[in-house]
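Student: Can you read through this structure? Questions will come right after.
The values are calculated or read from the model by the stated rules, or taken from the named source; none is laboratory data. As the structure is a computational prediction, the values presented were derived from the model and not from experiment. Backbone-built Cβ (ideal geometry, glycine too); neighbour counts: all protein chains shown.
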Ligand code: SF4
C-alpha cells in the first residue's frame, strides 16, 4: 500500500534528511513475526523513551545521536542499502523509535525498489506511514523497562485506536524479563484479541559473561509460564535470536 502524497510534497519528502545511526545487513531478523528471515536494517537516531534495559542506547542518547548520526535523504539511504551485499527481501526500519521520523517517502521508495518493509515501535507516536508497512511490530514496554507509566499506557491506547482505524499489518510483541512483565503483557494483550501476540524473553543489559546461557534460561522460564497459562494459548514465545548468534555485537 502506498501513501497518497501530492507530487510536490513527495519530492520534498524525498530530499528531507533523517538522522541515521547505521545501515547494515544482510543479517537475520532476531525477533517477532519475521524472526529468522534475512533482512537489512536502517537504524534511526532518537527515542522518546529511556528503557532501563535498552540495548541500543547509542541510538537513544541525544548527545551520542548528535555526535554520530549521519543526515541521510531517501536517496542516501537507498544508496547505502544498494552498497550492501546479499539481497534480502526485507528492510527493517529500527531505532530508537523510527516513528519519531517522517518516513513516508522512504517506505514508498523501498517498495518501488521491490523490498518488503518492516518497522518496530513502542506505540507512543502514530504516523500514517506505519499503515504502508508490510509488517508493523508494536512493542509496548513493560514495567521492568521503567516506562510503563499511566501516561505512556494511555498514549499506547491512543496509538492503538489510530492503528485500529488504519488497519496496518501488525503484531503485538512484549519483551518479558519477569513475572510482573508477563502479567502486564497478558492483561494489555487481552484488550487486543485479534492481534497476534509474541512474547520475547528479554536479554539482560549489560549482559553477563555467558549471555547465551542467560538468554536460554529466561527463554525456558517464559516457555514454561506461557505453556501453563490457558489465557496465553495464542501467544508465540521466542528468544532474541540475534543474541544467541552474535551476543551483544552491534551492526549485525
Ligand atoms: S523504546 Fe526501544 S529504543 Fe527506545 S529506549 Fe526503549 S528499548 Fe531503547
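Student: Being surrounded by 11 or more Cβ atoms within 10 Å (Cβ to Cβ), outside any helix (DSSP H, G or I) and in contact with a strand residue (DSSP E or B) (Cβ under 7 Å, 6 or more places away or on another chain) is the filter; apply it to region 72-91 and report the residue that is modelled with the lowest pLDDT.
Tutor: 88
Student: Residues of region 54-71 being more than 9 Å from the ligand (Cβ to nearest atom) and surrounded by fewer than 16 Cβ atoms within 10 Å (Cβ to Cβ), which ones?
Tutor: Start the filter on region 54-71 by keeping residues that are more than 9 Å from the ligand (Cβ to nearest atom), which leaves 58, 61-71.
Within region 54-71, 62, 63, 64, 66, 67, 68, 70, 71 qualify.
Student: Moving on. Scan region 35-53 and tell me whether some residue there is within 16 Å of the ligand (Cβ to nearest atom), assigned to a helix (DSSP H, G or I) and closer than 30 Å to residue 153 by Cα. Write out each step before concluding.
Tutor: If we filter region 35-53 for residues that are within 16 Å of the ligand (Cβ to nearest atom), which is where we start, we get 41-53.
Among the residues that remain, those that are also assigned to a helix (DSSP H, G or I) are: none.
No, every residue in region 35-53 fails to be within 16 Å of the ligand (Cβ to nearest atom), assigned to a helix (DSSP H, G or I) and closer than 30 Å to residue 153 by Cα.
Student: So residue 201 clears everything in (1) within 17 Å of the chain's Cα centre (by Cα); (2) closer than 29 Å to residue 129 by Cβ except one condition, right? Which one?
Tutor: (2)
Student: Out of 139, 85, 94, I need the residue that is within 16 Å of the ligand (Cβ to nearest atom), farther than 17 Å from residue 19 by Cβ and out of contact with any helix residue (DSSP H, G or I) (no Cβ under 6 Å at 6 or more places or on another chain). Which one? Break it down stepwise before answering.
Tutor: Numbers: 85 fails: within 16 Å of the ligand (Cβ to nearest atom); 94 fails: farther than 17 Å from residue 19 by Cβ.
Step by step, each of 139, 85, 94 is checked, and only 139 is within 16 Å of the ligand (Cβ to nearest atom), farther than 17 Å from residue 19 by Cβ and out of contact with any helix residue (DSSP H, G or I) (no Cβ under 6 Å at 6 or more places or on another chain).
Student: Can you find a residue that is on the phi > 0 side of the Ramachandran plot and either in contact with a helix residue (DSSP H, G or I) (Cβ under 7 Å, 6 or more places away or on another chain) or in contact (Cβ under 8 Å) with a residue 24 or more places away in the chain (or both) anywhere in region 162-170? Explain how you work it out, then say what you get.
Tutor: Of all residues in region 162-170, those on the phi > 0 side of the Ramachandran plot come to 167.
So of that shortlist, the ones also either in contact with a helix residue (DSSP H, G or I) (Cβ under 7 Å, 6 or more places away or on another chain) or in contact (Cβ under 8 Å) with a residue 24 or more places away in the chain (or both) come out as 167.
There is at least one residue in region 162-170 that is on the phi > 0 side of the Ramachandran plot and either in contact with a helix residue (DSSP H, G or I) (Cβ under 7 Å, 6 or more places away or on another chain) or in contact (Cβ under 8 Å) with a residue 24 or more places away in the chain (or both).
Student: Also, I was wondering about something else. Can you name every residue in region 97-117 that is over 27 Å from residue 57 (Cα atoms) and within 16 Å of the ligand (Cβ to nearest atom)?
Tutor: Across region 97-117, there are no qualifying residues.
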